[in-house]
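Everything below concerns the one structure shown next.
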Amino acid sequence: MSQNGLRVPANRVERRAILHWTLAALATATVLAGVLAVPYWLWESARPVIGPVLVAVGAVGVLNAAMVPSWRYIVHRWETTAEAVYARTGWYVREWRVAPISRIQTVDTSRGPFEQMLGLATLTVTTASSSGAIKIPGLDVETAIREAERLTEVTQLTPGDQT
Amino acid sequence: MSASPPEAGVQDAIVDGAEPPDATADVPWLRLDAKMIWVDAVRALLSMAPAAIAIVVVGVEPTSGTILPVAVLAVVGVVGAANDAMRWVKTRYRVTDEYVERRTGLLVRKYRSIRRDRIRSVDAQGKFRHRLARLRKVTVGAGQHGVSGGALTLDAVSRTAAEQLRHELLNHAEPAVAGTVAGRTSSTAGAGHVLARLRWSWIAYNIVNVWAYVMAAGLLWGAYWLAVLFGLDPAGWVTGLADWEELGWGWTIAVGLVVVGVIGVAGLAANFVSESWNFRLVRVPTENGTALRTVQGLLRTREVNRDENRLRGVQISEPLLWRWMRMADTTVITTGLSIFSTSSTILPRGPLGVARRVAAAVLDREGDSPFDAALPRHPVAALRRRLLWATLIAAGATGLVAWLARTIGPVPESLWWLAAAVLLPVLLTLAVVSYRALGHAVSGEYVVTRSGVSARATAALRRSAVSGVVLRQSLLQRRLGLMTVTVTTAAGYGRYAVPDADAHSAVQFANEAAQGMLDPFLEAR
């Protein structure tokens, strides 16, 4: 399946995540379109410029909400082992991230409004690097909390070489 | 240990609060040096001197145009001096066994403390006026992110006190020789192994710069103001120098640019000389290892110490426009020092050869430097991807200009193809430059990455310092057989990327760079 020598991480995210991403995409598109609609409605002279932009935002927003979430569901995978956390995310651009347990500094779970509605959570694992954080969205709340606790435990048992 | 992670711990390394954390310690609080008050007062007076001479001695009639700047200077000077006096009254500091503490404020008391084991640099600066009064401004750095300058500044203490502070805080094994060393530089730079000294030929690398024009603008404005103050007419003088009407616009502008450029270059040269005077990069022994120390400056000396236990690598960056003269900037990759602070720069801008030699010496890899490692060219597909993007961006920008020209109105129709004619070749050239900059290798215990358009940056990072791996591949990259490898680390920029490596060898390279971190996730073959 993968051509580059890396195996696919073991677990998929929850199916509900598709719904979550769809809702989030629609919300973003609505807000953007709303912001553009105000000047469109207020100033008639600006309409020839804002009109096409508004149409484009609407079209991209709908496409984004229709296609990207399922695409993401296919790509998003994650795995934690005794040595490392491994995740694959993205859609058009795929990203594989690995962080060894010995370098982990914090393990967090977070839940946005849509995630709370759907019983989902995001697991975030950070290392000493400002750009090494691994985010695993679309986990079941129970799974996320269990993983976070397990990782914290393992992390404390593993002697780290700190930075 | 992970329970109290070091980088997250940086936040609690610096404590602001209402209570000193070490309230029990029986160490007396110290004041700043009182000399700083009158030093700044004298400076305020001196800055008004030209105006005073002009008006009192030469007897120039004061006008509102000449008085206003003087008045502004006077107000700024008085406020500054008053501020200094207040700071002297308010500030106390002390060094206890565990903390460096500073207390400021009369009514609202503020404490700031840094745990001594978190201290990563102690920087002693002396501006000219400070040097005359034997004062130093001490900045203590604790690897904080987002706090510019340093975690704790003492402005200013006596030179002996500064020496003592540095000695105490950085655990120097060498004897404190403050006060016994004669000469311009404050300290003990003589001890230790000298890795680099200033060469005057480096001046050439530091004067060709766009900043020359900014510098010239400042200098000319100052000169103009001074001349007007003394009742001269510089504008008239310049007008009378040549028959500008006859020269025409083109020549006038050309002459102006050249003259201003020459003034700016002279200014930059003077600036470089005063900043880098007697520059030395020295490896000095400390109690728990070694430190890289730079000492430099004529009127204003600056000394920075970098703990080598925190050194993770070196980066050499070559700015695009000056690639032909092999100009290079050399910085160290360390934890705790912000890459945006000048403290990470260990050499003045200079020739690439020196940068490479010093980098090898700093990494202790002379003769087998990671910077000499062969960096094979990336696959041609990487060039194709760049050319494609360049074309797409040029086309997009041209389309946008054309559309705007049509909808908004009074823009000539020809503008859009002009945009295309200029943009496309420039972007295509940059695409080639960017492709040629790509490179990566594993050299001994170092991983070497090279990329960048406006500045080609080559970084050698210790493999043991790699704290994570990010592999990135878009669908286009996948079709082209490319993959972007990024290693993350706690030091320097935090991430060092190898864009568009060959997809088949990328994972193997990443695994090698990260010392086998990917082993459990490789496909069984």
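Please treat every number below as a calculation from the coordinates, not as lab data. It should be emphasised that the depicted structure is a prediction, and the values quoted were computed from it without experimental measurement. No Cβ is skipped: glycine too gets one built from the backbone with ideal geometry, and neighbour counts run over all protein chains shown.
Here are some notes:
- Two tests apply to each whole DSSP H helix in chain B, Cα reach of 30 Å or more along its axis and mean Kyte-Doolittle hydropathy of at least -0.5, and the ones passing both are B:64-90, B:244-276, B:380-408, B:415-437.
- Stretching the chain fully between B:Gln164 and B:Leu400 yields a gain of 78.7 nm (0.36 nm per residue, less the alpha carbon separation).
- Between A:Arg146 and B:Asp97, the modelled labels are 4.8 nm apart [label points 7 Å from Cα along Cα→Cβ].
- As a rough footprinting exposure proxy, the listed residues B:Lys110, B:Lys127, A:Lys135 were ranked by other beta carbons within 10 Å of their own, and the order from fewest upward is B:Lys110, A:Lys135, B:Lys127.
- Label-point separation in nm, A:Glu153 to B:Val89, each point 7 Å along Cα→Cβ: 6.1 nm
- Subtracting the Cα-Cα distance of A:Ile74 and A:Arg7 from their residue separation scaled by 0.36 nm leaves 22.6 nm.
- Neighbour net charge for B:Thr429 - beta-carbon separation under 14 angstrom, K R +1, D E -1: +3
- Here each label is just a point 7 Å from Cα along the line to Cβ, and for B:Ser201 and B:Trp324 those points are 1.9 nm apart.
- A Förster distance of 30 Å, applied to the separation of the beta-carbon atoms of B:Arg109 and B:Ala82, puts the FRET efficiency at 0.90.
- Taking Lys and Arg as +1 and Asp and Glu as -1, the other residues whose beta-carbon sits under 9 Å from that of A:His76 total +4.
- Cβ-Cβ distance of B:Ala217 and B:Trp417, R₀ of 41 Å, FRET efficiency by 1/(1 + (r/R0)^6): the value works out to about 0.70.
- Summed residue charge, Cβ within 14 Å of A:Val13's Cβ, Lys/Arg positive, Asp/Glu negative: +1
- Placing one equal scatterer on every Cα of the range B:402-504 and applying the Debye formula, the log10 ratio I(q)/I(0) at q = 0.18, 0.21 Å⁻¹ is -0.89, -1.08.
- At q = 0.21 Å⁻¹ the log10 of I(q)/I(0) for the range A:47-163 amounts to -1.16, computed by Debye summation with a single uniform scatterer per C-alpha, solvent ignored.
- Per-pair calculated FRET efficiency, R0 = 41 Å: B:Glu275 and B:Val57 via Cβ, rounded to 0.05: 0.75
- Lysine pair count for the protein assembly as shown with Cα-Cα distance under 24 Å and sequence separation of 8 or more or different chains is 9.
- Coordinate range along principal axes, alpha carbons of the range A:48-90, Å, largest first: 59, 17, 7
- Here the convex hull built on the C-alpha positions of chain B has a volume of 238 cubic angstrom per residue.
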